[in-house]
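K.L.:
Below is the structure I would like to discuss, written out as structure tokens.
Derivation of every value follows stated rules applied to the coordinates shown; laboratory data play no part. Quick caveat, the model's predicted, so the values are computed rather than measured. Don't worry about glycine lacking a Cβ; one is built from the backbone with ideal geometry, like all the others, and counts go over all protein chains shown.
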Amino acid sequence: MVLLSPGALGPAADAAARCGATDQFVLPDREEAKSLIVVSRVYEWLAELGLDRHDTILAVGGGAATDLAGFVAATWLRGIEAVFYPTTLLGAVDAAIGGKTGINFAGKNLIGSFHLPSRVLINLDLLETLPATLRLEGLAEALKAGYVADPDLVDLLASRGEEVALDEVVERAVKVKVATVEADYRESDRRAILNFGHTVGHAVEILAPMPHGLAVAVGMVAAATVSNARFGFDHRQLIETIFGLGLPVAAAGVSLESALQLIARDKKRSAAGVRMVLLEAPGSPVVEPVTSDLLEVGLRAVGIT
Ligand SMILES: NC(=O)c1ccc[n+]([C@@H]2O[C@H](COP(=O)([O-])OP(=O)(O)OC[C@H]3O[C@@H](n4cnc5c(N)ncnc54)[C@H](O)[C@@H]3O)[C@@H](O)[C@H]2O)c1
């Protein structure tokens, strides 16, 4: 077994020792890890080590590290085993689960593969030590999981707020992701519900700019407002929950025009409009094309004017 991890992470050494990893490749941090240049350097390293079909790649780090390592594992010798040890809450509840890998090339995640890790090791004690922003980003993705498939998880996060204990949150959010992926591994329909908050969220992430999880919180407010206009969904409860968790409910300094342009380039667009995940109620998502008028209602609700 070999280890891929951004070097500065304390848990890497511990995880590597426990799993019996023999060598480590130190990845660049964050999105810089998800490039073809890094992929190629890792391939060269694996070739030097003579890694064979029976070997395993262990990835310790956030979603960027597991996305890169998953892609390398999917493609080296046409696929070897990967084990993930996510060190961010977002990684534990989302990125490390479900087998999507991603490399940035002329756009985010435009290269990738489906390759399930053989094991995902989640260390709750480690996740409890995360800096506030990393914790909040993960709570936003957990809240998303609740809104699309587990209303009890929404209630848990709404009632306990930022101080919520992570054991139940992680278990419930992981269950939502696993069940959704099992129903539709290659995202032909059902898996798309996991994109709740991501249509506007991606635009906010780039244009505000804002960390992914926080941008998804803003995107959920926009999608909930559209859901209210479309289905009478009670979006005030969602806004209060997001606000109560200490997550942002609006994005400052983003123009309507730039947001609309970016969303129009979204790969999920059809002639009838941009496909968005809406809610009829917590736990009842609907994926459908949204007209530009409705989309604007959502954007204006999060301060994009
Ligand atoms: N494959 C999927 O299904 C999927 C789903 C969601 C997100 N993603 C991807 O995940 C990535 C985002 O993941 P992320 O939010 O974990 O960010 P990240 O991997 O970029 O890490 C964010 C920062 O946190 C630091 N960090 C990691 N663990 C830490 C710890 N325990 N303590 C302190 N700092 C720590 C990292 O070094 C980095 O600086 C994106 O590239 C996104 O595309 C993939």
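K.L.:
Most mobile of ILE57, ILE111, ILE239 per a Gaussian network model of the chain (Cα springs, under 10 Å)?
P.N.:
Checking each option, the largest mean-square fluctuation is seen for ILE111.
K.L.:
Right, another one. Compute the acute angle (0 to 90°) between the alpha-carbon long axis of helix 151-160 and the principal axis of greatest extent of the alpha-carbon atoms of the chain; round to the nearest 10°.
P.N.:
Around 90 degrees separate the two axes.
K.L.:
Looking only at Cα atoms, what is the convex hull volume of segment 132-305 per residue, in Å³?
P.N.:
100
K.L.:
So which chymotrypsin sites (Phe, Trp or Tyr not before Pro) in segment 1-105 are both in a DSSP loop and have at most 14 other Cβ atoms within 10 Å of their Cβ?
P.N.:
Here the chymotrypsin sites (Phe, Trp or Tyr not before Pro) that fit, given the DSSP loop and packing criteria, are PHE105.
K.L.:
Next up: Round to the nearest 10 and give me the degree value, 0 to 90, for the angle of helix 166-183's Cα axis relative to the longest principal axis of the chain.
P.N.:
90
K.L.:
Also, quick follow-up: Two decimals is fine: what is log10 I(q)/I(0) at q = 0.14, 0.20 Å⁻¹ for segment 23-116, from a Debye sum with one equal scatterer on every Cα and no solvent?
P.N.:
Per q value, in the given order, log10 I(q)/I(0) is -0.43, -0.91.
K.L.:
What residue among ALA251, ALA106, ALA259 has the largest mean-square fluctuation in a Gaussian network model of the chain, using Cα springs under 10 Å?
P.N.:
ALA106
K.L.:
So, one more: Picking from ALA73, PRO28, GLY244, whose Cα lies most toward the positive end of the charge dipole for the chain (charges on Cβ: Lys, Arg +1; Asp, Glu -1)?
P.N.:
ALA73
K.L.:
Moving on to the next point. For segment 160-175 and segment 214-244, what is the separation of their Cα centres, given in Å?
P.N.:
One Cα centre to the other: 20 Å.
K.L.:
Farthest toward the dipole's positive end in the chain, which of GLY232, VAL120, PRO86, given Cβ charges of +1 (Lys, Arg) and -1 (Asp, Glu) about the Cα centre?
P.N.:
GLY232
K.L.:
Need the full-extension length gain, ALA165 to LEU36, defined as separation in residues times 0.36 nm minus the C-alpha distance. One decimal, nm.
P.N.:
42.6 nm
K.L.:
Here's a follow-up. For the chain, calculate the relative contact order in percent as a whole number, restricting contacts to Cα pairs under 8 Å that are 6 or more residues apart.
P.N.:
Result for the chain is 13 percent.
K.L.:
Using only alpha carbons, build the gyration tensor for the chain and give me the equivalent ellipsoid semi-axes, biggest first, whole Å.
P.N.:
One finds semi-axes of 34, 21, 17 Å for the chain.
K.L.:
If you count the DSSP beta bridges with both ends in segment 2-130, what percent of them are antiparallel, to the nearest 5?
P.N.:
Antiparallel bridges: around 10 percent, rounded to the nearest 5.
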